[in-house]
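The values are calculated or read from the model by the stated rules, or taken from the named source; none is laboratory data. Every value quoted in this text rests on a predicted model; they were computed, and no experiment measured them. As a convention, Cβ positions derive from the backbone with ideal geometry for all residues, glycine included, and neighbour counts pool all protein chains shown.
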Amino acid sequence: MRSYKEIVLKPKKDEFLKRFHPWVFSGALASKPNDIEEGEIVRVLSYERVFLGIGHYQIGSIAVRILSFEDEVINTKFYERRLTEAYIMRNRLKLIRPDNNTYRLVHGEGDNLPGLIIDVYGNTAVVQAHSVGMHTDRVEISEALQSICGADNIKNIFYKSESTLPFKADVDPEDSYIFGGKEVNDVVVENGLKFKIDWLKGQKTGFFIDQRENRQLLEKYSEGRNVLNMFCYTGGFSVYSLRGRAAAVHSVDSSSKAISIADQNVDLNFGDDPRHKSYSEDAFRFLNEIPQDKYDLIVLDPPAFAKHRGAVNNALQGYKKLNHSAFEKIAKGGILFTFSCSQVISKEQFRLAVFSAAAISGRKVQILHQLTQPADHPINIYHPEGEYLKGLVLYVE
């Protein structure tokens, strides 16, 4: 077996690993080698020198992300096994279909590969590293991906991690590359609808796959309604609303490029549909300036207001302010879809912020649905922190 450097924990600091939580915090370390480098694979031992797990070492509050609780070699074969497990699960859940070739293949800790995201768009996979260890192993991961998916299914692999690697990491953020490049098709299918994907410059991996099922739910509520899609990005919710026979759909985003792609996505599915209008404007200002009762279905899907715990209080105030504006403006009998994608904001905190906004507005509000991420963004039961997407569907009398 390959020899790895070893990290030893302080006394009584091994309980979380015995419960299969995949993170080792820096405060739990008793000792580590002086020559250890960020991204290196290490064996984690208890104070009594009992093996606990193997994973990637990193600088910061999370010192090790555990890849396996078995004492094994981490190589291409290891990644092949993990990717195969992930692929089989998505296939059994029938997420991979002719009318849906867009899905998340690997969701970090949820698929026992912390620090790794792989999204599949038709014949293209986008690999994203959120840790130096996964960046270091990117070639092995890509080789494993090619092996388990086959050349007929995945013709291109984009590596896109310039915005996700830790800012302290001693790696070149421009160190990205593409495997393949053959038959690249930037139009994919989600639940029978067509979407243009900008892998290289778009947010995340190019599209928000995690809202797929929530977009379907919105479609069911859209018939005959005037829909306002705030922070629309590339128009996912807007396209579903149009298929749901909405009377009008207005898309708002501060990014003119996002609005351009949203317009293209509408055209791909419905041509020059007069029901749709788009606005490249600040979402908060747009919401404050619209007349009351103009919209009876509003979608609030803002970017993460808090990316670290120090920003939680300001984020909660932001959610309260945004939702209060929506409660003030939405028509009687309107429906509000409101979301938070901030991992450090709990379901309870988000719900309290929305409750406070409703109370200030004085409107009667009922919860119709409590939403989360779809099955291809699984939550490891031993890692509840993986539940990052929170949503509420509200009926406003």
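Values as computed for the structure displayed
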quantity	calculated
Subset tally (residues that are surrounded by 14 or more Cβ atoms within 10 Å (Cβ to Cβ), farther than 18 Å from F207 by Cβ and over 23 Å from the mean Cα position of the chain (by Cα)) for the range 242-264	6
Residues (outside any strand (DSSP E or B), more than 17 Å from H130 (Cβ to Cβ) and not charged (D, E, K, R)) located in the range 42-73	S46, Y47, V50, F69, V73
Set E38, E48: member being out of contact with any strand residue (DSSP E or B) (no Cβ under 9 Å at 6 or more places or on another chain) and over 17 Å from N112 (Cα atoms)	E48
Enumerated strands (runs of 3 or more DSSP E) restricted to the range 78-135, each holding at least 1 residues that are polar (S, T, N, Q)	102-107, 124-129
Tally, over the range 8-35, of residues that are outside any strand (DSSP E or B) and either closer than 16 Å to L113 by Cα or not acidic (D, E) (or both)	17
Hits in the range 346-371 - residues which are in a loop (DSSP other than H, G, I, E, B) and touching a strand residue (DSSP E or B) at 6+ places or on another chain (Cβ under 7 Å)	R363
Count - residues of the range 301-319 that are buried (at least 20 other Cβ atoms within 10 Å of the Cβ) and either of a type in the set (D, E) or closer than 17 Å to S361 by Cα (or both)	3
Residue check for D267: part of a loop (DSSP other than H, G, I, E, B) and either surrounded by fewer than 18 Cβ atoms within 10 Å (Cβ to Cβ) or assigned by TED's automatic domain parsing to the domain that holds P302 (or both)	no
Cross-chain or 6+ apart pairs with Cβ under 8 Å, the range 104-125 first and touching a residue at least 60 places away in the same chain (Cβ under 8 Å), then in a strand (DSSP E or B) and hydroxyl-bearing (S, T, Y)	N112/S68; D119/T102; D119/Y103; Y121/T102; G122/T102
Residue count, the range 124-170 (criterion: among the hydrophobic types (A, V, I, L, M, F, W, C), at pLDDT below 90 and crowded, with 17+ Cβ neighbours inside 10 Å)	7
Flag for V299 being of a type outside the set (G, A, S), more than 24 Å from V249 (Cα to Cα) and either touching a Lys or Arg at 6+ places or on another chain (Cβ under 7 Å) or in contact (Cβ under 8 Å) with a residue 24 or more places away in the chain (or both)	no
Restricting the range 270-283 to residues that are in contact with a Leu (Cβ under 9 Å, 6 or more places away or on another chain) and either among the polar types (S, T, N, Q) or in a helix (DSSP H, G or I) (or both), the residue that is surrounded by the fewest Cβ atoms within 10 Å (Cβ to Cβ)	F270
